[in-house]
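This report refers to the structure that appears directly beneath it.
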Amino acid sequence: MEHHQRPPSPSQSSADAANSKPPTPASTPSSRLASGAQSAWPSSSGAPPRPSSSSSTSAPTTPASRTIYSDRFIPSRTGSNLALFDLPAPSPAAGSAASPYCTLLRAALFGPDTPDRLASSAAACSSSSSSAGASPASGNIFRFKAEVPRNAKRALFSGGDDEDLLFPGLFSAKGAGPRKITRSPYKVLDAPALQDDFYLNLVDWSSHNVLAVGLGNCVYLWNACSSKVTKLCDLGAEDTVCSVGWAQRGTHLAVGTNQGKVQIWDATRCKRMRTMESHRMRVGALAWNSSLLSSGSRDKNILHHDLRAPDDYISKLTGHKSEVCGLKWSYDNRQLASGGNDNRLFVWNQHSVQPVLKYTEHTAAVKAIAWSPHLNGLLASGGGTADRCIRFWNTTTNTHLSSMDTGSQVCNLVWSKNVNELVSTHGYSQNQIIVWRYPTMSKLATLTGHTFRVLYLAISPDGQTIVTGAGDETLRFWNVFPSPKSQSADSLSSIGGTSFVRSYIR
(Lines give C-alpha, C1' and ligand atoms only; values in the text may rest on other atoms or scores of the structure.)
Protein backbone atom coordinates (compact mmCIF):
# COMPACT_ATOMS: atom_id res chain seq x y z
CA MET A 1 0.00 0.00 0.00
CA GLU A 2 1.33 3.39 -0.91
CA HIS A 3 1.45 6.03 1.94
CA HIS A 4 0.90 9.74 1.28
CA GLN A 5 2.13 12.21 3.91
CA ARG A 6 2.20 15.99 4.10
CA PRO A 7 5.67 17.51 3.67
CA PRO A 8 7.18 18.54 7.06
CA SER A 9 7.97 22.13 7.90
CA PRO A 10 11.61 23.28 8.07
CA SER A 11 11.51 23.30 11.89
CA GLN A 12 10.14 19.80 12.02
CA SER A 13 12.62 18.40 9.50
CA SER A 14 15.64 19.23 11.70
CA ALA A 15 13.97 17.71 14.75
CA ASP A 16 12.95 14.61 12.84
CA ALA A 17 16.45 14.22 11.48
CA ALA A 18 17.88 14.31 14.98
CA ASN A 19 15.35 11.85 16.37
CA SER A 20 15.30 9.47 13.36
CA LYS A 21 16.34 5.87 14.08
CA PRO A 22 16.83 2.84 11.85
CA PRO A 23 13.82 0.52 11.64
CA THR A 24 13.58 -2.05 14.38
CA PRO A 25 13.13 -5.78 13.71
CA ALA A 26 9.60 -5.51 15.09
CA SER A 27 8.46 -3.47 12.11
CA THR A 28 6.07 -5.22 9.73
CA PRO A 29 7.23 -6.57 6.32
CA SER A 30 4.88 -4.20 4.52
CA SER A 31 6.41 -1.18 6.23
CA ARG A 32 9.87 -2.49 5.41
CA LEU A 33 9.05 -2.89 1.74
CA ALA A 34 7.37 0.53 1.65
CA SER A 35 10.34 2.28 3.20
CA GLY A 36 12.74 0.37 1.00
CA ALA A 37 10.78 1.37 -2.10
CA GLN A 38 10.77 5.00 -1.05
CA SER A 39 14.52 4.98 -0.63
CA ALA A 40 15.22 3.26 -3.96
CA TRP A 41 12.84 5.07 -6.36
CA PRO A 42 13.26 8.77 -7.36
CA SER A 43 10.77 11.42 -6.31
CA SER A 44 7.47 11.76 -8.10
CA SER A 45 8.54 14.96 -9.79
CA GLY A 46 11.11 13.06 -11.81
CA ALA A 47 13.80 15.75 -11.28
CA PRO A 48 16.89 15.57 -9.09
CA PRO A 49 16.76 17.40 -5.74
CA ARG A 50 17.91 21.01 -5.78
CA PRO A 51 20.46 22.32 -3.28
CA SER A 52 19.13 24.44 -0.42
CA SER A 53 19.57 28.24 -0.23
CA SER A 54 22.11 27.93 2.61
CA SER A 55 24.44 25.87 0.50
CA SER A 56 24.28 28.39 -2.33
CA THR A 57 25.85 31.13 -0.15
CA SER A 58 28.84 29.00 0.84
CA ALA A 59 32.21 29.01 -0.89
CA PRO A 60 32.20 27.87 -4.48
CA THR A 61 32.74 24.11 -4.86
CA THR A 62 32.95 21.68 -7.74
CA PRO A 63 29.50 21.09 -9.26
CA ALA A 64 27.74 17.93 -8.01
CA SER A 65 27.22 15.10 -10.46
CA ARG A 66 23.76 15.31 -12.04
CA THR A 67 21.60 12.17 -12.25
CA ILE A 68 20.51 11.54 -15.81
CA TYR A 69 17.05 10.09 -16.47
CA SER A 70 16.21 8.46 -19.81
CA ASP A 71 13.22 6.78 -21.36
CA ARG A 72 14.41 3.34 -20.22
CA PHE A 73 14.50 2.13 -16.64
CA ILE A 74 17.87 0.63 -15.77
CA PRO A 75 17.76 -0.75 -12.23
CA SER A 76 20.44 0.43 -9.84
CA ARG A 77 20.97 -1.23 -6.49
CA THR A 78 23.26 1.45 -5.10
CA GLY A 79 20.33 3.07 -3.32
CA SER A 80 18.80 -0.18 -2.07
CA ASN A 81 18.94 -0.99 1.61
CA LEU A 82 19.50 -4.76 1.56
CA ALA A 83 19.70 -4.81 5.34
CA LEU A 84 15.91 -4.67 5.38
CA PHE A 85 15.78 -8.27 4.07
CA ASP A 86 17.63 -9.70 7.09
CA LEU A 87 20.36 -11.24 4.93
CA PRO A 88 23.19 -13.01 6.75
CA ALA A 89 26.54 -11.36 6.89
CA PRO A 90 28.91 -12.41 4.09
CA SER A 91 31.45 -15.06 4.91
CA PRO A 92 34.99 -13.70 4.80
CA ALA A 93 36.22 -16.96 3.28
CA ALA A 94 33.93 -16.62 0.27
CA GLY A 95 35.01 -13.09 -0.54
CA SER A 96 32.90 -10.82 -2.73
CA ALA A 97 31.10 -13.75 -4.35
CA ALA A 98 29.05 -14.28 -1.15
CA SER A 99 27.68 -10.73 -1.05
CA PRO A 100 24.06 -10.19 0.04
CA TYR A 101 23.01 -9.80 -3.59
CA CYS A 102 24.65 -13.10 -4.60
CA THR A 103 23.03 -14.82 -1.64
CA LEU A 104 19.62 -13.46 -2.59
CA LEU A 105 20.12 -14.44 -6.23
CA ARG A 106 21.15 -17.97 -5.30
CA ALA A 107 18.07 -18.34 -3.09
CA ALA A 108 15.80 -17.09 -5.90
CA LEU A 109 17.33 -19.44 -8.49
CA PHE A 110 17.93 -22.61 -6.50
CA GLY A 111 15.71 -22.24 -3.43
CA PRO A 112 16.27 -20.95 0.10
CA ASP A 113 17.65 -24.25 1.39
CA THR A 114 20.40 -24.57 -1.19
CA PRO A 115 23.78 -24.99 0.51
CA ASP A 116 26.37 -22.33 -0.14
CA ARG A 117 28.51 -24.04 -2.74
CA LEU A 118 30.57 -20.89 -3.18
CA ALA A 119 31.74 -20.88 0.39
CA SER A 120 32.55 -24.59 0.31
CA SER A 121 34.37 -24.30 -3.02
CA ALA A 122 36.24 -21.23 -1.82
CA ALA A 123 37.24 -23.05 1.34
CA ALA A 124 38.38 -26.04 -0.69
CA CYS A 125 40.38 -23.80 -3.00
CA SER A 126 41.85 -22.00 -0.01
CA SER A 127 42.97 -25.25 1.60
CA SER A 128 44.42 -26.58 -1.64
CA SER A 129 46.15 -23.30 -2.43
CA SER A 130 47.66 -23.10 1.03
CA SER A 131 49.30 -26.48 0.46
CA ALA A 132 50.38 -25.65 -3.09
CA GLY A 133 51.27 -22.02 -2.44
CA ALA A 134 48.74 -20.63 -4.94
CA SER A 135 46.06 -17.99 -4.49
CA PRO A 136 42.47 -19.19 -3.97
CA ALA A 137 40.27 -19.29 -7.06
CA SER A 138 37.16 -17.18 -7.15
CA GLY A 139 33.84 -19.06 -7.06
CA ASN A 140 30.98 -18.82 -9.56
CA ILE A 141 27.26 -19.55 -9.27
CA PHE A 142 27.13 -21.51 -12.54
CA ARG A 143 29.76 -24.20 -12.78
CA PHE A 144 30.48 -25.64 -16.23
CA LYS A 145 32.23 -28.88 -17.00
CA ALA A 146 35.23 -28.57 -19.22
CA GLU A 147 34.44 -31.67 -21.27
CA VAL A 148 31.18 -33.48 -22.10
CA PRO A 149 31.43 -37.26 -22.64
CA ARG A 150 31.03 -38.35 -26.23
CA ASN A 151 28.07 -40.61 -25.47
CA ALA A 152 26.32 -37.71 -23.73
CA LYS A 153 26.76 -35.57 -26.83
CA ARG A 154 25.29 -38.30 -28.99
CA ALA A 155 22.32 -38.70 -26.65
CA LEU A 156 21.79 -34.95 -26.72
CA PHE A 157 21.56 -34.75 -30.50
CA SER A 158 19.85 -38.09 -31.15
CA GLY A 159 17.18 -37.73 -28.48
CA GLY A 160 18.07 -40.93 -26.61
CA ASP A 161 17.43 -44.60 -27.29
CA ASP A 162 13.77 -44.09 -28.14
CA GLU A 163 14.38 -41.49 -30.83
CA ASP A 164 12.57 -42.26 -34.07
CA LEU A 165 14.61 -41.51 -37.15
CA LEU A 166 12.36 -41.10 -40.16
CA PHE A 167 15.26 -41.38 -42.60
CA PRO A 168 18.98 -42.01 -42.11
CA GLY A 169 20.84 -38.85 -41.28
CA LEU A 170 17.76 -36.86 -40.24
CA PHE A 171 16.91 -36.26 -36.59
CA SER A 172 13.37 -35.52 -35.45
CA ALA A 173 13.07 -32.92 -32.71
CA LYS A 174 11.60 -33.95 -29.40
CA GLY A 175 10.44 -32.11 -26.36
CA ALA A 176 11.77 -32.31 -22.85
CA GLY A 177 9.80 -35.48 -22.11
CA PRO A 178 7.55 -38.11 -23.69
CA ARG A 179 4.31 -36.94 -25.21
CA LYS A 180 1.31 -37.24 -22.91
CA ILE A 181 -1.55 -39.35 -24.25
CA THR A 182 -4.92 -39.34 -22.53
CA ARG A 183 -5.66 -42.83 -21.25
CA SER A 184 -9.45 -42.53 -21.48
CA PRO A 185 -11.72 -41.97 -24.50
CA TYR A 186 -13.26 -38.54 -24.85
CA LYS A 187 -16.45 -39.93 -26.46
CA VAL A 188 -18.28 -43.24 -26.45
CA LEU A 189 -21.05 -44.20 -28.88
CA ASP A 190 -23.30 -47.15 -28.24
CA ALA A 191 -23.43 -49.31 -31.37
CA PRO A 192 -26.09 -52.02 -30.99
CA ALA A 193 -25.63 -55.14 -33.12
CA LEU A 194 -21.94 -54.42 -33.87
CA GLN A 195 -20.74 -57.91 -34.74
CA ASP A 196 -17.94 -59.67 -32.87
CA ASP A 197 -16.37 -61.21 -35.97
CA PHE A 198 -12.60 -61.04 -36.53
CA TYR A 199 -12.87 -61.24 -40.33
CA LEU A 200 -15.17 -58.24 -40.88
CA ASN A 201 -14.37 -54.54 -41.38
CA LEU A 202 -17.38 -52.52 -40.24
CA VAL A 203 -15.96 -49.06 -39.44
CA ASP A 204 -14.39 -46.44 -41.73
CA TRP A 205 -13.79 -42.66 -41.47
CA SER A 206 -14.15 -40.46 -44.57
CA SER A 207 -12.12 -37.45 -45.67
CA HIS A 208 -15.28 -35.36 -45.03
CA ASN A 209 -15.19 -36.33 -41.34
CA VAL A 210 -18.10 -38.76 -41.53
CA LEU A 211 -17.94 -42.13 -39.81
CA ALA A 212 -19.61 -45.12 -41.47
CA VAL A 213 -20.62 -48.07 -39.28
CA GLY A 214 -22.24 -51.35 -40.25
CA LEU A 215 -24.72 -52.50 -37.61
CA GLY A 216 -26.51 -55.73 -38.43
CA ASN A 217 -28.23 -55.23 -41.79
CA CYS A 218 -27.97 -51.40 -41.75
CA VAL A 219 -25.29 -48.81 -42.40
CA TYR A 220 -25.29 -45.62 -40.34
CA LEU A 221 -23.37 -42.38 -40.92
CA TRP A 222 -22.22 -40.28 -37.97
CA ASN A 223 -21.08 -36.73 -38.71
CA ALA A 224 -18.16 -35.92 -36.41
CA CYS A 225 -18.74 -32.16 -36.79
CA SER A 226 -22.44 -32.05 -35.94
CA SER A 227 -22.89 -35.46 -34.23
CA LYS A 228 -25.80 -36.07 -36.58
CA VAL A 229 -26.69 -39.71 -37.29
CA THR A 230 -28.09 -40.73 -40.69
CA LYS A 231 -29.34 -44.15 -41.72
CA LEU A 232 -27.83 -44.78 -45.14
CA CYS A 233 -29.31 -48.17 -46.07
CA ASP A 234 -31.13 -51.25 -44.87
CA LEU A 235 -30.27 -54.55 -46.57
CA GLY A 236 -33.33 -56.37 -45.29
CA ALA A 237 -33.71 -59.40 -43.09
CA GLU A 238 -31.95 -61.76 -45.52
CA ASP A 239 -28.59 -59.96 -45.71
CA THR A 240 -26.10 -58.32 -43.34
CA VAL A 241 -23.28 -55.81 -43.68
CA CYS A 242 -19.77 -57.31 -43.68
CA SER A 243 -17.57 -54.37 -44.72
CA VAL A 244 -17.65 -50.64 -45.43
CA GLY A 245 -15.09 -48.47 -47.22
CA TRP A 246 -15.00 -44.79 -48.18
CA ALA A 247 -13.61 -43.55 -51.48
CA GLN A 248 -10.78 -41.01 -51.20
CA ARG A 249 -13.08 -38.10 -52.08
CA GLY A 250 -15.37 -38.96 -49.17
CA THR A 251 -18.62 -38.82 -51.14
CA HIS A 252 -19.13 -42.48 -52.08
CA LEU A 253 -19.26 -45.49 -49.79
CA ALA A 254 -18.79 -49.14 -50.75
CA VAL A 255 -20.72 -51.75 -48.78
CA GLY A 256 -19.87 -55.45 -48.83
CA THR A 257 -22.61 -57.87 -47.85
CA ASN A 258 -22.93 -61.41 -46.55
CA GLN A 259 -24.46 -62.56 -49.86
CA GLY A 260 -21.38 -61.52 -51.83
CA LYS A 261 -22.71 -58.22 -53.15
CA VAL A 262 -20.81 -54.95 -53.40
CA GLN A 263 -22.96 -51.83 -53.34
CA ILE A 264 -21.87 -48.27 -54.15
CA TRP A 265 -23.75 -45.50 -52.34
CA ASP A 266 -23.76 -41.74 -52.81
CA ALA A 267 -23.57 -40.62 -49.19
CA THR A 268 -24.52 -37.01 -49.89
CA ARG A 269 -27.86 -38.03 -51.41
CA CYS A 270 -28.26 -41.38 -49.55
CA LYS A 271 -28.79 -43.06 -52.93
CA ARG A 272 -27.51 -46.41 -54.16
CA MET A 273 -25.59 -45.95 -57.38
CA ARG A 274 -24.66 -49.51 -58.29
CA THR A 275 -24.74 -53.15 -57.16
CA MET A 276 -22.12 -55.70 -58.26
CA GLU A 277 -22.79 -59.40 -57.69
CA SER A 278 -19.45 -60.99 -58.53
CA HIS A 279 -18.46 -62.85 -55.35
CA ARG A 280 -20.00 -66.15 -54.37
CA MET A 281 -19.55 -65.60 -50.60
CA ARG A 282 -19.40 -62.73 -48.13
CA VAL A 283 -17.23 -59.69 -48.84
CA GLY A 284 -15.27 -58.81 -45.71
CA ALA A 285 -12.57 -56.48 -47.07
CA LEU A 286 -12.69 -53.38 -49.31
CA ALA A 287 -9.98 -50.99 -50.55
CA TRP A 288 -10.23 -47.98 -52.88
CA ASN A 289 -7.71 -46.78 -55.45
CA SER A 290 -9.21 -43.66 -57.05
CA SER A 291 -12.08 -45.00 -59.20
CA LEU A 292 -10.88 -48.59 -58.74
CA LEU A 293 -12.43 -50.63 -55.93
CA SER A 294 -10.87 -53.88 -54.73
CA SER A 295 -12.92 -56.41 -52.78
CA GLY A 296 -11.81 -59.50 -50.86
CA SER A 297 -14.14 -62.38 -50.13
CA ARG A 298 -14.49 -65.69 -48.37
CA ASP A 299 -14.43 -67.25 -51.84
CA LYS A 300 -10.62 -66.63 -51.69
CA ASN A 301 -10.66 -64.15 -54.58
CA ILE A 302 -9.85 -60.46 -54.91
CA LEU A 303 -11.78 -58.55 -57.56
CA HIS A 304 -11.02 -55.16 -59.10
CA HIS A 305 -14.12 -53.10 -59.92
CA ASP A 306 -13.82 -50.09 -62.20
CA LEU A 307 -16.82 -47.87 -61.64
CA ARG A 308 -16.38 -46.37 -65.08
CA ALA A 309 -16.69 -49.77 -66.80
CA PRO A 310 -20.01 -51.52 -67.42
CA ASP A 311 -18.71 -54.91 -66.27
CA ASP A 312 -18.97 -55.89 -62.62
CA TYR A 313 -15.19 -56.45 -62.38
CA ILE A 314 -12.22 -55.97 -64.67
CA SER A 315 -9.75 -58.46 -63.14
CA LYS A 316 -9.60 -61.32 -60.65
CA LEU A 317 -6.63 -61.92 -58.33
CA THR A 318 -6.08 -65.49 -57.18
CA GLY A 319 -3.54 -66.86 -54.74
CA HIS A 320 -5.08 -67.09 -51.28
CA LYS A 321 -6.16 -70.49 -50.02
CA SER A 322 -8.69 -69.18 -47.53
CA GLU A 323 -10.84 -66.11 -46.81
CA VAL A 324 -9.36 -62.70 -47.63
CA CYS A 325 -9.80 -60.56 -44.51
CA GLY A 326 -7.26 -57.74 -44.98
CA LEU A 327 -6.88 -55.42 -48.00
CA LYS A 328 -4.98 -52.10 -48.33
CA TRP A 329 -3.62 -50.04 -51.22
CA SER A 330 -0.36 -48.17 -50.70
CA TYR A 331 -0.40 -44.37 -50.53
CA ASP A 332 1.04 -44.07 -54.05
CA ASN A 333 -1.66 -46.50 -55.33
CA ARG A 334 0.97 -48.76 -56.90
CA GLN A 335 0.85 -51.77 -54.58
CA LEU A 336 -1.98 -53.73 -52.99
CA ALA A 337 -1.40 -55.78 -49.83
CA SER A 338 -3.76 -58.60 -48.94
CA GLY A 339 -3.96 -60.84 -45.90
CA GLY A 340 -5.91 -64.03 -45.49
CA ASN A 341 -7.00 -66.73 -43.11
CA ASP A 342 -4.34 -68.90 -44.75
CA ASN A 343 -1.70 -66.97 -42.72
CA ARG A 344 -0.34 -65.42 -45.91
CA LEU A 345 0.53 -61.84 -46.75
CA PHE A 346 0.65 -61.04 -50.48
CA VAL A 347 1.66 -57.91 -52.37
CA TRP A 348 0.26 -57.18 -55.84
CA ASN A 349 0.94 -54.45 -58.36
CA GLN A 350 -1.63 -52.61 -60.45
CA HIS A 351 -1.65 -55.12 -63.32
CA SER A 352 -0.74 -58.48 -61.74
CA VAL A 353 -3.21 -61.31 -61.30
CA GLN A 354 -0.71 -63.29 -59.24
CA PRO A 355 1.09 -61.94 -56.15
CA VAL A 356 4.49 -60.42 -56.87
CA LEU A 357 5.61 -60.81 -53.24
CA LYS A 358 4.65 -63.60 -50.84
CA TYR A 359 5.32 -63.54 -47.10
CA THR A 360 4.65 -66.67 -45.06
CA GLU A 361 6.22 -65.81 -41.69
CA HIS A 362 2.90 -65.28 -39.88
CA THR A 363 1.43 -68.31 -38.11
CA ALA A 364 -2.18 -67.04 -37.87
CA ALA A 365 -4.71 -65.11 -39.94
CA VAL A 366 -3.45 -61.77 -41.28
CA LYS A 367 -6.14 -59.12 -41.01
CA ALA A 368 -4.12 -56.12 -39.73
CA ILE A 369 -2.36 -54.40 -42.66
CA ALA A 370 -1.03 -50.83 -42.85
CA TRP A 371 1.23 -48.96 -45.27
CA SER A 372 3.53 -46.28 -43.91
CA PRO A 373 2.75 -42.75 -45.15
CA HIS A 374 6.31 -41.66 -44.32
CA LEU A 375 8.47 -44.16 -46.20
CA ASN A 376 7.61 -45.67 -49.55
CA GLY A 377 7.40 -49.47 -49.51
CA LEU A 378 7.24 -49.84 -45.72
CA LEU A 379 4.46 -52.30 -44.82
CA ALA A 380 3.26 -53.44 -41.39
CA SER A 381 1.18 -56.57 -40.78
CA GLY A 382 -0.24 -58.30 -37.72
CA GLY A 383 -1.13 -61.91 -37.00
CA GLY A 384 -3.97 -63.52 -35.09
CA THR A 385 -4.12 -65.38 -31.79
CA ALA A 386 -1.54 -68.03 -32.62
CA ASP A 387 0.93 -65.45 -33.99
CA ARG A 388 0.48 -62.22 -31.97
CA CYS A 389 3.31 -60.49 -33.87
CA ILE A 390 3.60 -57.21 -35.77
CA ARG A 391 6.00 -57.59 -38.66
CA PHE A 392 7.55 -54.94 -40.88
CA TRP A 393 8.47 -55.42 -44.53
CA ASN A 394 10.30 -53.44 -47.17
CA THR A 395 8.43 -54.25 -50.36
CA THR A 396 10.94 -52.28 -52.44
CA THR A 397 13.81 -54.59 -51.52
CA ASN A 398 11.61 -57.60 -50.59
CA THR A 399 13.08 -57.90 -47.09
CA HIS A 400 11.67 -58.70 -43.67
CA LEU A 401 12.78 -55.81 -41.44
CA SER A 402 11.70 -56.70 -37.91
CA SER A 403 9.13 -58.43 -35.73
CA MET A 404 7.48 -57.53 -32.43
CA ASP A 405 5.61 -59.99 -30.22
CA THR A 406 2.67 -58.07 -28.73
CA GLY A 407 1.40 -60.86 -26.47
CA SER A 408 -2.15 -60.87 -27.86
CA GLN A 409 -4.13 -61.18 -31.07
CA VAL A 410 -3.44 -58.30 -33.50
CA CYS A 411 -6.74 -57.12 -34.99
CA ASN A 412 -5.89 -53.80 -36.69
CA LEU A 413 -3.02 -51.49 -37.53
CA VAL A 414 -2.93 -47.86 -38.63
CA TRP A 415 -0.03 -45.44 -39.12
CA SER A 416 -0.08 -41.87 -37.93
CA LYS A 417 -0.07 -39.32 -40.74
CA ASN A 418 1.66 -36.70 -38.60
CA VAL A 419 4.44 -38.56 -36.77
CA ASN A 420 6.32 -41.80 -37.28
CA GLU A 421 4.10 -43.83 -34.98
CA LEU A 422 1.40 -46.46 -35.34
CA VAL A 423 -1.52 -47.88 -33.38
CA SER A 424 -2.46 -51.53 -32.96
CA THR A 425 -5.68 -52.95 -31.53
CA HIS A 426 -5.80 -56.35 -29.91
CA GLY A 427 -8.09 -59.17 -28.95
CA TYR A 428 -7.37 -62.24 -26.87
CA SER A 429 -6.42 -61.89 -24.20
CA GLN A 430 -6.02 -58.27 -23.13
CA ASN A 431 -8.30 -56.31 -25.54
CA GLN A 432 -5.94 -53.33 -25.44
CA ILE A 433 -4.90 -50.50 -27.77
CA ILE A 434 -1.19 -49.72 -28.04
CA VAL A 435 0.54 -46.66 -29.46
CA TRP A 436 4.03 -47.50 -30.76
CA ARG A 437 6.97 -45.38 -31.83
CA TYR A 438 8.69 -46.64 -34.97
CA PRO A 439 11.32 -48.01 -35.56
CA THR A 440 12.23 -48.67 -31.90
CA MET A 441 8.73 -50.10 -31.25
CA SER A 442 8.69 -48.58 -27.79
CA LYS A 443 5.26 -48.27 -26.22
CA LEU A 444 4.01 -44.71 -25.85
CA ALA A 445 0.66 -45.66 -24.32
CA THR A 446 -1.57 -48.64 -23.63
CA LEU A 447 -5.28 -47.81 -23.71
CA THR A 448 -7.92 -50.05 -22.17
CA GLY A 449 -11.68 -49.85 -21.78
CA HIS A 450 -13.18 -52.33 -24.23
CA THR A 451 -14.42 -55.56 -22.70
CA PHE A 452 -14.36 -57.50 -25.99
CA ARG A 453 -11.82 -57.84 -28.78
CA VAL A 454 -11.03 -54.47 -30.40
CA LEU A 455 -11.86 -55.61 -33.93
CA TYR A 456 -12.42 -52.28 -35.68
CA LEU A 457 -10.21 -49.24 -36.09
CA ALA A 458 -10.29 -46.03 -38.14
CA ILE A 459 -8.41 -42.72 -38.05
CA SER A 460 -9.80 -39.21 -38.45
CA PRO A 461 -8.94 -37.14 -41.54
CA ASP A 462 -6.73 -34.78 -39.52
CA GLY A 463 -4.75 -37.74 -38.19
CA GLN A 464 -5.20 -36.92 -34.49
CA THR A 465 -8.11 -39.12 -33.39
CA ILE A 466 -8.79 -42.83 -33.72
CA VAL A 467 -12.06 -44.65 -33.21
CA THR A 468 -12.18 -48.25 -32.05
CA GLY A 469 -15.07 -50.70 -32.08
CA ALA A 470 -15.57 -53.99 -30.31
CA GLY A 471 -18.06 -56.74 -29.66
CA ASP A 472 -19.11 -54.90 -26.49
CA GLU A 473 -21.20 -52.79 -28.92
CA THR A 474 -19.37 -49.53 -28.25
CA LEU A 475 -17.33 -47.12 -30.36
CA ARG A 476 -14.66 -45.24 -28.42
CA PHE A 477 -12.85 -42.13 -29.59
CA TRP A 478 -9.26 -41.49 -28.46
CA ASN A 479 -6.88 -38.57 -28.97
CA VAL A 480 -3.52 -40.22 -29.53
CA PHE A 481 -1.56 -38.28 -32.17
CA PRO A 482 -0.39 -34.64 -32.37
CA SER A 483 -1.73 -32.17 -34.88
CA PRO A 484 0.01 -31.88 -38.26
CA LYS A 485 1.40 -28.40 -37.50
CA SER A 486 2.22 -28.21 -33.83
CA GLN A 487 2.71 -31.88 -32.91
CA SER A 488 2.23 -30.56 -29.39
CA ALA A 489 2.01 -32.89 -26.43
CA ASP A 490 0.01 -30.51 -24.31
CA SER A 491 -2.66 -30.03 -26.96
CA LEU A 492 -3.30 -33.76 -27.04
CA SER A 493 -3.75 -34.07 -23.32
CA SER A 494 -6.27 -31.24 -23.29
CA ILE A 495 -8.40 -32.04 -26.36
CA GLY A 496 -11.57 -33.73 -25.26
CA GLY A 497 -10.10 -34.65 -21.90
CA THR A 498 -12.96 -33.11 -19.99
CA SER A 499 -15.70 -33.38 -22.62
CA PHE A 500 -16.63 -37.04 -22.14
CA VAL A 501 -19.84 -37.83 -23.99
CA ARG A 502 -21.74 -41.08 -24.35
CA SER A 503 -24.56 -41.38 -26.86
CA TYR A 504 -26.16 -43.73 -29.36
CA ILE A 505 -25.21 -44.05 -32.99
CA ARG A 506 -28.79 -44.99 -33.86
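The values are calculated or read from the model by the stated rules, or taken from the named source; none is laboratory data. Everything numeric in this text was worked out from a predicted model, so none of it was measured. Glycine also receives a Cβ, built like all others from the backbone with ideal geometry; neighbour counts cover every protein chain displayed. Note: areas computed on protein heavy atoms with side chains; ligands, DNA, RNA excluded. Shrake-Rupley method; radii C 1.70, N 1.55, O 1.52, S 1.80 Å.
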Could you state the accessible area per residue of region 197-285 in Å², with a 1.4 Å probe and every protein chain left in place?
41
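Report the gain in length on full extension from R280 to D196: 0.36 nm times residue separation, minus Cα-Cα distance, nm rounded to one decimal.
Values: separation 84, 0.36 × 84 = 30.24 nm, distance 2.25 nm.
Extending this stretch completely gives an extra 28.0 nm.
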Each label point is 7 Å from the Cα along the Cα-to-Cβ direction; what then is the distance between the points at T360 and S291, in nm?
4.0
Points 7 angstrom from Cα along the Cβ direction at T268 and Y101: gap in nanometres?
7.1
Residue by residue through region 233-243, which ³J(HN,Hα) values in whole Hz follow from phi under the Karplus form 6.51 cos²θ - 1.76 cosθ + 1.60 (θ = phi - 60°), with glycine and proline marked x?
7, 9, 7, x, 6, 8, 9, 9, 7, 10, 6
Hypothetical label at N376: residues of region 387-417 whose amide nitrogen lies under 18 Å (7 Å Cα-Cβ projection):
393-399
Working out 0.36 nm times the residue gap between V353 and D239, then minus their Cα-Cα distance, what length gain in nm do you get to one decimal?
38.1 nm
Compute the length gained on full extension between N333 and N398: take 0.36 nm times their separation in residues and subtract their Cα-Cα distance, giving the result in nm to one decimal.
21.6 nm
Can you compute the FRET efficiency between R308 and S207 using 1/(1 + (r/R0)^6), with r the Cβ-Cβ distance and R0 = 22 Å? Round to the nearest 0.05.
0.60
Roughly how many whole Å is it from the C-alpha centroid of region 328-355 to that of region 438-477?
24
State log₁₀ I(q)/I(0) for region 235-348 at q = 0.21 Å⁻¹ as given by the Debye formula over alpha-carbon point scatterers of equal weight, solvent excluded.
-1.16
Once you sort the root eigenvalues of the Cα gyration tensor of region 384-445 as a ≥ b ≥ c, which label holds: rounded (a/c under 1.5), prolate (a/b larger than b/c) or oblate (the other case)?
oblate
Of K271/K321; K261/K328; K231/K300; K187/K328; K228/K261, which sit over 25 Å apart, Cα to Cα?
K271/K321; K231/K300; K187/K328; K228/K261
